[in-house]
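Data first, discussion second: the structure below is written as structure tokens.
The values are calculated or read from the model by the stated rules, or taken from the named source; none is laboratory data. Because the structure is a prediction, the values reported are computed rather than measured. Please note: Cβ atoms are built from the backbone with ideal geometry, for glycine as well, and neighbour counts cover all protein chains shown. Side chains included, ligands, DNA and RNA excluded: accessible areas come from the protein's heavy atoms. Shrake-Rupley method; radii C 1.70, N 1.55, O 1.52, S 1.80 Å.
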Amino acid sequence: MEKVALRISRLPNEAAGLRKRLPFTVVDRQQLVLESALPPEAPLNDHLVWIWGVLKLERRYLKSLQSEGAKFTVVAPFRSGGVEIQPNGAELLHLLGVTLTIGAK
């Protein structure tokens, strides 16, 4: 089963993505990728809360990447039975202007 991941693409240059080390991130095809450490079967909202917990103290750095043109997307695998996003999960999406993509790579 695929993992839920935050992908930061359209980095202005490789140095921009590496000038500050974000916890748990790796560089993959010129994107910063943060995969949730939760089990894949955990609810999507829990994954969003986990990712936000890792990143919320880095908002200034993340906003500087966005001002330089970076795009933030959370990619989640499709799951039958529906998806429920609660306010604590939506906080990541709202405060960082993250696009949520379900079922696409």
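How do the pairs read when you match residues in the range 76-100 that are over 10 Å from VAL49 (Cα atoms) and among the charged types (D, E, K, R) with residues anywhere that are part of a helix (DSSP H, G or I) and modelled with pLDDT of 95 or more, using Cβ under 6 Å and keeping only pairs 6 or more apart or on different chains?
none
Taking the options LEU55, LEU96, LEU6, name whichever one is in contact with a Phe, Trp or Tyr (Cβ under 6 Å, 6 or more places away or on another chain) and among the hydrophobic types (A, V, I, L, M, F, W, C).
The match here is LEU96.
How many of the residues in the range 46-99 are open to solvent by 40 Å² or more (accessible area, probe 1.4 Å) and under 17 Å from SER9 (Cβ atoms)? So that I can check it myself, show each step before the final result.
So in the range 46-99, the residues open to solvent by 40 Å² or more (accessible area, probe 1.4 Å) come out as 46, 49-50, 53, 56-57, 59-60, 63, 66-68, 71, 78-88, 91, 94-95, 97, 99.
Still in the running and under 17 Å from SER9 (Cβ atoms): 63, 66-68, 71, 97, 99.
Of the residues in that region, 7 qualify.
Every residue in the range 1-11 that is of a type in the set (D, E, K, R), in a loop (DSSP other than H, G, I, E, B) and either at pLDDT below 65 or touching a Ser or Thr at 6+ places or on another chain (Cβ under 7 Å) (or both), please.
LYS3, the sole residue that qualifies.
Condition test on GLU14, is it acidic (Asp, Glu), buried (at least 17 other Cβ atoms within 10 Å of the Cβ) and either at negative phi or modelled with pLDDT of 90 or more (or both)?
On the way: acidic (Asp, Glu): yes; buried (at least 17 other Cβ atoms within 10 Å of the Cβ): no; either at negative phi or modelled with pLDDT of 90 or more (or both): yes.
No: the conditions fail for GLU14.
State the number of residues belonging to the range 46-76 that are in a strand (DSSP E or B) and closer than 21 Å to PRO87 by Cα.
Residues flagged as in a strand (DSSP E or B) and closer than 21 Å to PRO87 by Cα within the range 46-76 amount to 5.
Restricting attention to the range 29-45, report how many residues are part of a strand (DSSP E or B) and open to solvent by 50 Å² or more (accessible area, probe 1.4 Å).
Residues meeting the conditions: 1.
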